[in-house]
1. Residue check, D86 against (1) in a helix (DSSP H, G or I); (2) free of Cβ contacts under 8 Å to residues at least 24 places away in the same chain, all met but one. Which one?
2. Give the residue, chosen from K41, K57, that is under 9 Å from the mean Cα position of the chain (by Cα) and more than 24 Å from E3 (Cβ to Cβ).
3. Looking at (1) farther than 19 Å from E3 by Cβ; (2) within 10 Å of the chain's Cα centre (by Cα), which is the one condition that is false for Y70?
4. Please determine whether any residue of segment 29-37 is free of Cβ contacts under 8 Å to residues at least 40 places away in the same chain and over 19 Å from N102 (Cβ atoms).
5. Working only within segment 46-81, note down all residues that are closer than 24 Å to D15 by Cα, of a type in the set (D, E, K, R) and without any contact (Cβ under 8 Å) to a residue 60 or more places away in the chain.
6. Please enumerate the residues belonging to segment 89-113 that are of a type in the set (A, V, I, L, M, F, W, C), over 17 Å from K40 (Cα atoms) and in a helix (DSSP H, G or I).
Amino acid sequence: MAEHYKLDRVRDMADNDEDFVMALAAAFIEEVPEDAERLKKAVPSRDYHETYQAAHKMKPTIELFDLGVYDELIEVQNWGKFEEEDKNIDKQLQKVLKAVENATNQIKADFGL
């Protein structure tokens, strides 16, 4: 269980209310993969605004579930925010996308979603 994410912060936030933990897991599944898809399209097309918006929206959940890619997500977000045309963030993006995919699959399996 939970090799691609951690529930420590989630359980703290939920005060160990397992129904709330389940609701947060369901919200992760509903929101984060969709935002990751936005990033997957926005970065190659150099849509800085969309990149910033999607990454910014993902930050709290990525941090809450401790996917281990928060710093990379910040780099992706800042690339969009500051329109860093000369910076290549493909490596950071791929790391974020892979972490989201792994966590999504693991959360679905662990929570039966």
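The numbers here are math on the coordinates, done by the rules we state, and not lab data. Because the structure is a prediction, the values reported are computed rather than measured. Every residue, glycine as well, gets a Cβ built from its backbone with ideal geometry; the counts of neighbours run over all protein chains shown.
1. (1)
2. Details: K41 fails: under 9 Å from the mean Cα position of the chain (by Cα).
Being under 9 Å from the mean Cα position of the chain (by Cα) and more than 24 Å from E3 (Cβ to Cβ) holds for just one of K41, K57, which is K57.
3. If we test Y70 against (1) farther than 19 Å from E3 by Cβ; (2) within 10 Å of the chain's Cα centre (by Cα), just (1) comes out false.
4. No, segment 29-37 contains no residue that is free of Cβ contacts under 8 Å to residues at least 40 places away in the same chain and over 19 Å from N102 (Cβ atoms).
5. K57, K59, E63
6. Within segment 89-113, I107, A109, F111 meet the criteria.
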